[in-house]
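Reviewing the structure listed below.
Please treat every number below as a calculation from the coordinates, not as lab data. Keep in mind that what you see is a predicted model, and the values were worked out from it rather than measured. When we count neighbours, we look across all protein chains shown, and the Cβ atoms used for this are built from the backbone with ideal geometry, even at glycine.
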Amino acid sequence: MLRIKEIKINVKEDSPEILKEMILKKLKITEKEIKKILIKKKSIDARCASNVFHVYEVDVTLKGNYKIKNLKNVIEVQEEEYNTPKIGKNKLSSRPIIVGSGPGGLFAALLLAEKGFKPLIIERGECVEERIKTVERFWKTGILNLESNVQFGEGGAGTFSDGKLNTMVKDKFCRGKKVLETFVDCGAKKEILYESHPHIGTDKLREVIKNLRQKIILYGGEFLYNTKLTDLKIEKEKIKQIEINHEKWLDTEILI
């Protein structure tokens, strides 16, 4: 796969067709030789107010073998994918339990659910649909729900932000790529995969969180809302049980 950097197109002329023309010209090939074009990054060069550019970095996969002939800003790269950790050989006697459905909790649940571990996620606050109603009521009346509010509840504190994302430029394990691809799969716009300052948007973020939850449930995960971790039972330095809401004990070997 070839990566082409520094493709500049005037914002007034920018289009997928123009971008493709510039790729063909840069590589000195015909359209028939291209298998796939993937935009890797897109930013704006506005240093000159009268001549503003979009600056692209694209990955191009060709149908046949291709040798770089000292082309400026063209390098060969390997496909970048996130690889989940290897699955252990020992069987679990009980399902993993995840405390909190913020970003870390949701993605831990997704990875475990995709591998068939059927995690249980407990959350002190409400699901995002009910949490929105609670927060709106707080803004109107000043009545605060201590367990479910702008800080606590499904999606974490970021649910009521504008959904700005960290691009994780130095993430050699491609975890950021996995996160962004999951967001797109759950309803976010595909442009977040390559925009220099990606954000989902507050309203869309709530929809994405709901879809992510449904995806986890589809793979066998389960959510318990309005549920707090209130105690732990540890034997020989290993977790055995957790207590929820000062009422009920649940068996688990894995607690996140």
Q: Identify which of the listed values of semi-axes √(5λ) of the Cα gyration tensor in Å was calculated from the structure shown: [x] 30, 20, 16; [y] 44, 25, 13; [z] 32, 20, 18.
A: [y]
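To one decimal place, what orientation-averaged projected area in nm² is obtained for the convex hull of the Cα set of segment 138-256? Present the calculation step by step, with values, prior to reporting the outcome.
Values: hull surface 41.8 nm².
That works out to 10.4 nm², a quarter of the Cα hull's surface.
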**Q.** Nearby lysines by direct alpha-carbon distance to LYS72 (threshold 18 angstrom, same-chain neighbours under 8 apart not counted)
**A.** LYS5, LYS8, LYS20, LYS25, LYS26, LYS28, LYS40, LYS41
Q) Which residue fluctuates the most in the chain, going by a Gaussian network model with Cα springs under 10 Å, if the choices are LYS233, LYS41, LYS178? A) LYS233
Q. Where the centroid of each part is defined by its Cα atoms, how far is segment 172-231 from segment 29-56 in Å?
A. 28 Å
Q: Report, ordered by chain and residue number, the aspartates and glutamates lying within cross-link reach of LYS140, taken as a straight Cα distance under 20 Å and ignoring same-chain residues fewer than 8 apart.
A: GLU126, GLU129, GLU130, ASP203
(Q) Longer than 22 Å from Cα to Cα, which of LYS115/LYS215; LYS210/LYS233; LYS172/LYS215; LYS42/LYS178; LYS118/LYS248; LYS190/LYS215 are they? Say none if no pair is. (A) LYS210/LYS233; LYS172/LYS215
Q) THR30 to TRP139: extension gain in nm, 0.36 nm per residue of separation minus the Cα-Cα distance? A) 33.4 nm
Q | Size of charge dipole - the chain - debye, nearest 20, with Cβ of Lys, Arg +1 and Asp, Glu -1, no other charges | A | 1040 debye
Q | Computed E for GLU147/LYS89 - FRET, C-beta separation, R0 35 angstrom, nearest 0.05 | A | 0.35
Q. Want the number for ASN73 to ASN10: 0.36 nm per residue separation, take away the alpha-carbon distance, what's left?
A. 20.8 nm
Q: Could you please report the charge total around ILE34, scoring K, R as +1 and D, E as -1 over all other residues with beta-carbon less than 15 angstrom from its beta-carbon?
A: +4
Q | Size of electric dipole in segment 21-137: Cβ of Lys, Arg +1 and of Asp, Glu -1, about Cα centre, debye, nearest 20 | A | 480 debye
